[in-house]
1. Rank-order 293-301, 159-167 by packing density, defined as the average count of other C-beta atoms within 10 Å over each peptide's residues, highest first.
2. Stokes-Einstein at 20 °C, 1.002 mPa s, Kirkwood radius from Cα pairs: D for segment 161-220 in µm² s⁻¹?
3. So for segment 188-290, considering every pair of alpha-carbon atoms, how many percent are separated by more than 17 Å?
4. Counting other Cβ atoms within 10 Å, which trypsin sites (Lys or Arg not before Pro) in segment 174-232 have at most 12 and lie in a DSSP loop?
5. Tell me the label-point distance for the pair Gln245, Arg178, using the 7 Å Cα-to-Cβ offset, in nm and rounded to one decimal.
6. So if each residue of separation counts as 0.36 nm, and I subtract the Cα-Cα distance between Asp206 and Arg130, what length gain in nm does that give?
7. In nm, give the distance between the simple-model label positions of Thr260 and Arg190, each being 7 Å from the Cα along the Cα-to-Cβ direction.
8. Run through every distinct alpha carbon pair of segment 125-186 and return the Kirkwood hydrodynamic radius in angstroms, one decimal place.
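The values are calculated or read from the model by the stated rules, or taken from the named source; none is laboratory data. Computed from a prediction, not measured in an experiment: that's the story for all the values here. Please note: Cβ atoms are built from the backbone with ideal geometry, for glycine as well, and neighbour counts cover all protein chains shown. Areas reflect the complete protein model, heavy atoms only, side chains present, ligands, DNA and RNA absent. Shrake-Rupley method; radii C 1.70, N 1.55, O 1.52, S 1.80 Å.
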Amino acid sequence: MIETSPSTPARDDVVLPCLDEAEALPWALDRIPAGRRPNVVDSGSTDGSADLVMGRRRPAPADGFEPVEPGEPWTDDPYAHALRAGRGLLFLRRLSSTDHPDALREAVLPLDVERWCAPPDTADTSVLSRCTGPVLDVGCGPGRLVAALAVRGVPALGVDVSPAAVARTRRYGGAAVRRSVFERLPGEGRWGTVLLMDGNVGIGGDPFALLTRLRELVAPGGRLLAEVAPHDVDERLTVRVEDGQGRHGRPFPWARIGITALLYAADATGWVPTGRWTADGRPFLELHRPKPKPKPKPKPKPKPRHGNAHATAIGRPAHP
């Protein structure tokens, strides 16, 4: 049994009785909340359960998925594990301090993996109907929108840093490349529509840098369709992906912004707002990259008056 104890030192959060139950302890350890530490109460056991608690002989989990930080976020962490399964409890855990009033209430931000892995819903369809090809889906995830656009006959490409996301997108009929949006991408400056769905306005933790980069990708006169937070928020934070059992990936920068903050960032980076709507409680914003103004035509040079010049040329005096 795991118990909290008022006598536990400050550095230890959970008291574990060290009984002759080495086989059962891994189960108990896996259920310690994230950030908590075990405190061993030794009862004289000689079966090695104390070593298990302290991590010196802890066996690998049966699914082979260790709670270690990978070298790159979104690649071999609980996100990839959930995408392969098509479901799973997943969220972003705040790691950085913030002055936003919702920070304490929203210590974790849920990720809707099952919706991402399902066919497009009504809100998604409202976005798809506004797409003009070719379409670039930034942070495409499992590729539901890319695959749906392919069915509609609209050329589309997904880009994501997760190998599992790219593989699932391709498996369901969409085209995708594994790359960061800040790396060189196909068709730069020629995309008719760029998508930022499912909170991907937070990519990189800097909306201004992200919108500047997307303006380089879209064609003049092209559009950006972005989903924003459902309330007025503007914050920069550090997060990591976690599942319901405390397994997590490496920390990375993120951002959360609502309509007001995105409009401000859009104005600062050269985008023009042309539409906003809400579907199924999800707010969206449409931005356009203006076409360059046509250069003014040069004024025609005035034609010379040839009357007097002709008269002089044939020997007749010019009129005074």
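1. Packing proxy ranking, top to bottom: 159-167, 293-301.
2. Translational D for this selection: 170 µm²/s.
3. The proportion of pairs with Cα distances above 17 Å equals 52 percent.
4. Sites meeting the loop and neighbour criteria: Arg184.
5. 2.4
6. Answer, rounded to one decimal: 24.8 nm.
7. Computed distance between label sites Thr260 and Arg190 equals 4.2 nm.
8. 11.3
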